[in-house]
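Enquirer: Pasting a structure below so you can have a look.
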Amino acid sequence: MFAAPALGDALGDFVRFTPYDGLQLTVTDEPVLAARSFAGLGVALIADAGCAECYTLTSDGRAIVVRGGAPLGLQYGLAALLEAWGLRFFHPFATHVPERLRAGAEVALLGARAEPETARRGLHLHTLHPIEGLYDFWAGEPDSVTRARRTIDWLVKNRGNTLQWVALDDIVREPGRLGPWRDQTAAILAAAHRRGVACGLGIQLFGRSNLQQAFDLVDLPDEPLAPQIAERLALVTDGLAFDHYNLSFGEFSAADPEDFIGAVNLVSTTLESQAPAAELSAVIHVGDDVRVTYRDQELIYYFLVQFADPRIEPWVHTVMYYNLFDDAGGAYHHDAFDEHRAFLLARLAAGEPVGYFPESAYWIAFDNSVPTTLPVYVQSRHRDLAELRAAGARLDSHVLFSSGWEWGYWQTDYATLRMNWALPATIDEVYGEMFAPYPRGDRIAALLAEVARVQYRALIGERLAPWLAGRDVLMDLGDLLGIVSQPRRPLVEEIAALDPAGRAALRAAALDPLETFAAELEAFAARGERLDQRSADPFVAELADGLRVTAGRARFVTLWLRALLDGLDGGDATGRLADAEALLAAAEQVVARRHRRLHDPLAERLLTRQANPTVYQYGYLLRADELCFWHRELAQVLNQLFAAGRFVRGCDL
């Protein structure tokens, strides 16, 4: 690979983090001539000043020439070339490199100009959670900057141009922490900017709404706000070249509307004085129970952002695998996110700035910590984009809220970044591209697309989501206060309080469709295992483990639920509970196998208890490693039916 000296810095990490020995970078004043003179197949990279992020590939038989914007367009074009040859940049620390490159496959790319459909395409690493990004972008662990550079590289290779993470309050609470954090952050920002990646920082406004040790701007609401905001903002602006800041407002509580708008405007004007080149966005969160009245209009609290400084770009949020166009299952008291959809579409129609900010995992007791593998996330992210396109709407910004990559959740981030570059017509095409280099890639892709559609029908359409998810003790306590995050299912004691008619209704509404769903997932798991038996590939092994544990989770729930209902009706529950115990033991074996083969080379910190700057003093996969939610449910049922005296795990913070 040959490029002008000015491109050396931008392309250095691209080459360094590509695990293919045949890729080498030579800087020269004559890249095309050098590529044509190369003994093998030479690739010349030529900057095109009129093409910021697009690229074009051509070939004269002696060399391939990638022309594109510097630095991003050229990196996108080079990534596309390597993908045509069979590489796949699936995970920041795990790349698929085929045994033999598909030489000549680049012909399909030649001559066509490729450019993005969405202007801002990025990831938000939710470092308030103990995920990979926390340790690499915030906690300041050894080698964290190099690991952060790998994530930046992964983002670029999958056509992203924006990366942000969330600030925590340890830089305020802990003496001596601010300086090292600034040094680490400055190094990460410099590395990102060399690659052409814009960086953002998530900050929170009100300390009284701060539930997760976020960095906030106002801790004394009864004191003047301007000096507090100025002092706190300076901590994260001075000497740090962030390109934008993302303002959020916590959950489950509201401030007075005038106070809210005034404080948001103060943040905007203060940021303009401290970091005039930086943009400001603000999150329109969900929460149908957090409503206010402003200008004779009742609206969800977070929509007050629209009345603040018009330069602020509102980012419309949705949670879990729900989307803007379908049922939301009762998440955060929403049956649908129709107000969020209407706001987004109205802003787009008016030509006003707006972004979309959905999730790729929810983590807490819902998906990868249960654990379950849920391609339905890809289905929902595709549905949002397809429906917006059908409505003639073109997003300014699409930044995906990311909470972990193991158990296949890298697929959502990988697929969504690429769908924002160019949206395929169906998820079959999404998965087809993903696994095209594999010998049985068509079968892998077909399987994942089928799983996504069945999960979409069952979890969203039939509202089975809360049964596949877990519940911890804090969620149960929150119910008493009317605080609802993920969709709710009846507690074991509530089921026990049902009369016979209520139990019969529960069988029809939940148990029967759950058993159908479990059987479908078991068939998918069998297909995944057959694919795995024919492959030594770690990503196929991950798929097989994920499908097996997800099928096991669904079947486990049907066993304890049927046992509970049968026992309450006077029947024998012992057989099904014994089957549930056996299934739990089998799931433990699957989890142990998967957790020995996680993609991250420092995965141990994701599985264990350890001090970190978040409110969660353990890695995000600890509950999955324990199968905590499974043990909790089984103990609850045994205690309800037999007064068994089983210890009920809290599975909480």
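Enquirer: Please give the calculated 222 nm ellipticity per residue for the chain, where each DSSP H segment of at least 4 residues contributes -39500 (n - 2.57) and the sum is spread over every residue; nearest 500 deg cm²/dmol?
Expert: Values: 24 runs with 287 residues, N = 653.
One gets -13500 deg cm²/dmol as the mean residue ellipticity at 222 nm.
Enquirer: At 37 °C and a viscosity of 0.692 mPa s, what translational diffusion coefficient does Stokes-Einstein give for the range 71-203, taking Rh as the Kirkwood radius over Cα pairs? Give it in µm²/s as a whole number. It would help to have the intermediate numbers written out before the result.
Expert: Values: Rh = 16.3 Å.
Taking Rh from Cα pairs, D becomes 202 µm²/s.
Enquirer: Turning to a different aspect of this structure: Please label the shape of the range 358-465 as rounded, prolate or oblate, based on the square roots a ≥ b ≥ c of the eigenvalues of the alpha-carbon gyration tensor (a/c under 1.5 means rounded; beyond that, a/b larger than b/c means prolate, else oblate).
Expert: On the way: a/c = 1.38, a/b = 1.08, b/c = 1.28.
In terms of gyration-tensor shape, rounded.
Enquirer: Net charge near Arg62: determine it from the other residues with C-beta under 15 Å of the C-beta of Arg62, scoring Lys and Arg +1 and Asp and Glu -1. Mind dumping the intermediate values first?
Expert: Working: positive: Arg36; negative: Glu30, Asp60, Glu106.
It works out to a net charge of -2.
Enquirer: Taking 30 Å as R0, compute the FRET efficiency from the Cβ-Cβ separation of Arg443 and Asp476 and round it to 0.05.
Expert: Values: r = 42 Å, r/R0 = 1.40.
The calculated FRET efficiency here is 0.10.
Enquirer: Let a ≥ b ≥ c be the square roots of the eigenvalues of the Cα gyration tensor of the range 144-295; is it rounded (a/c under 1.5), or, if not, prolate (a/b larger than b/c) or oblate?
Expert: Numbers: a/c = 1.92, a/b = 1.57, b/c = 1.23.
Prolate, since a/c reaches 1.5 and a/b exceeds b/c.
Enquirer: Of Met475, Met320, which has the most accessible area with a 1.4 Å probe, and how do the rest follow in descending order? Display every interim value, and only then the final one.
Expert: Numbers: Met475 30, Met320 0 Å².
These residues rank, largest area first, as Met475, Met320.
Enquirer: Mind giving me the nanometre distance, one decimal, between the label points for Ala52 and Thr28, set 7 Å out from Cα along Cα→Cβ?
Expert: It works out to 3.2 nm between the two label points.
Enquirer: In the chain, what is the volume of the convex hull around the alpha carbon atoms, normalised per residue and reported in Å³? Spell out each step's value before the answer.
Expert: Numbers: hull volume 101.8 nm³, N = 653.
Cα convex hull per residue, to the nearest whole number: 156 Å³.
Enquirer: Full-extension gain between Asn639 and Asp143, please, as 0.36 nm times their residue separation minus the C-alpha to C-alpha distance. List each step's numbers first, then the result.
Expert: Numbers: separation 496, 0.36 × 496 = 178.56 nm, distance 4.77 nm.
Contour length minus the Cα-Cα distance gives 173.8 nm.
Enquirer: Could you tell me what fraction of 2.2 N^0.38 Å the Cα radius of gyration of the range 303-418 comes to, as a two-decimal ratio?
Expert: Details: Rg = 14.4 Å, N = 116, 2.2 N^0.38 = 13.4 Å.
Scaled against compact globular proteins, the figure is 1.07.
Enquirer: Let me ask you something else. Along Cα→Cβ, 7 Å out, is where each label goes; now give me the distance between the ones at Glu604 and Ala241 in nm to one decimal.
Expert: Result: 3.7 nm between the two label points.
Enquirer: Can you bin the range 134-181 into rounded, prolate or oblate? Criterion: square roots of the alpha carbon gyration tensor eigenvalues sorted a ≥ b ≥ c, rounded for a/c under 1.5, prolate for a/b above b/c, oblate for the rest.
Expert: Values: a/c = 3.88, a/b = 2.07, b/c = 1.88.
Verdict is prolate for the range 134-181.
Enquirer: Can you give the net charge of the other residues whose Cβ lies under 13 Å from the Cβ of Val484, counting K and R as +1 and D and E as -1? Don't skip to the end; give the middle numbers.
Expert: On the way: positive: Arg471, Arg488, Arg489; negative: Glu251, Asp288, Asp289, Asp335, Asp476, Asp479.
Once all neighbours under 13 Å are counted, the net charge is -3.
Enquirer: I've got another one for you. Could you work out the per residue convex hull volume over the alpha carbons of the range 4-82, in cubic angstrom? Before the final figure, lay out each step's value.
Expert: On the way: hull volume 6.7 nm³, N = 79.
Cα-based convex hull of the range 4-82, divided per residue, equals 85 Å³.
Enquirer: So, one more: Go ahead and run the numbers for FRET between Val648 and Arg530, Cβ-Cβ distance against an R0 of 30 Å, rounding to 0.05.
Expert: Efficiency for this residue pair is about 0.20.
Enquirer: For the ranges 75-84, 490-499, 591-600, what's the packing order if you count other beta-carbon atoms within 10 Å of each residue, average per peptide, and put the highest first?
Expert: On the way: 75-84: 23.4, 490-499: 14.6, 591-600: 16.7.
Those peptides, ordered most packed to least, come out 75-84, 591-600, 490-499.
Enquirer: Between Arg457 and Ala586, what is the spin-label point distance in nm, taking each point 7 Å from the Cα along the Cα→C-beta axis?
Expert: With each label placed 7 Å out from Cα toward Cβ, I get 2.3 nm.
Enquirer: Determine ³J(HN,Hα), in whole Hz, for all residues of the range 202-212 in sequence, where each value follows from phi through the Karplus function 6.51 cos²θ - 1.76 cosθ + 1.60 and θ = phi - 60°; x replaces Gly and Pro.
Expert: Values per residue, Gly and Pro as x: x, 10, 10, 7, 9, x, 5, 9, 8, 9, 9 Hz.
Enquirer: Still on this structure, please answer the following. Give, in nm to one decimal, the length gained when the segment between Glu429 and Glu258 is fully stretched (0.36 nm per residue of separation minus the Cα-Cα distance). List each step's numbers first, then the result.
Expert: Working: separation 171, 0.36 × 171 = 61.56 nm, distance 4.79 nm.
Stretched out fully, the Glu429 to Glu258 stretch lengthens by 56.8 nm.
Enquirer: Order of 536-544, 28-36, 452-460, 375-383 by packing, highest average Cβ count within 10 Å first?
Expert: On the way: 536-544: 19.8, 28-36: 16.6, 452-460: 22.1, 375-383: 26.4.
Listed from highest to lowest mean packing, they are 375-383, 452-460, 536-544, 28-36.
Enquirer: What ranking, highest mean first, results for peptides 500-511, 431-442 when packing means the other Cβ atoms within 10 Å averaged over each residue? Intermediate values should be presented prior to the final figure.
Expert: Details: 500-511: 14.2, 431-442: 18.7.
Most protected by this proxy first, the peptides run 431-442, 500-511.
Enquirer: Enumerate the amide H contacts of Thr26 below 5 Å, restricted to partners 5 or more residues apart or on another chain; note that Pro and chain-start residues carry no placed amide H.
Expert: When sequence neighbours closer than 5 places are left aside, the close amide H contacts are Phe2, Ala3.
Enquirer: Which of the DSSP-defined H helices in the chain satisfy a minimum axial length of 24 Å, computed from C-alpha atoms, and a minimum mean Kyte-Doolittle hydropathy of 0.5? Working shown, then result.
Expert: Values: long enough: 178-195 (26 Å, -0.34); 257-274 (26 Å, 0.14); 512-533 (32 Å, -0.46); 538-568 (45 Å, 0.65); 574-595 (31 Å, 0.03).
In the chain, the long hydrophobic H runs are 538-568.
Enquirer: Between the range 497-517 and the range 211-281, what is the separation of their alpha carbon centroids in Å?
Expert: When both Cα centres are located, 48 Å separates them.
Enquirer: As an exercise, use a Förster radius of 30 Å and the Cβ-Cβ distance of Arg389 and Arg311 to find the FRET efficiency, rounded to the nearest 0.05. Write out the running numbers ahead of the final one.
Expert: Details: r = 27 Å, r/R0 = 0.90.
The value I calculate is 0.65.
The values are calculated or read from the model by the stated rules, or taken from the named source; none is laboratory data. Keep in mind that what you see is a predicted model, and the values were worked out from it rather than measured. Every residue, glycine among them, receives a Cβ derived from its backbone with ideal geometry; neighbour counts consider all protein chains shown. For accessibility, only protein heavy atoms count, side chains too; no ligands or nucleic acids. Shrake-Rupley method; radii C 1.70, N 1.55, O 1.52, S 1.80 Å.
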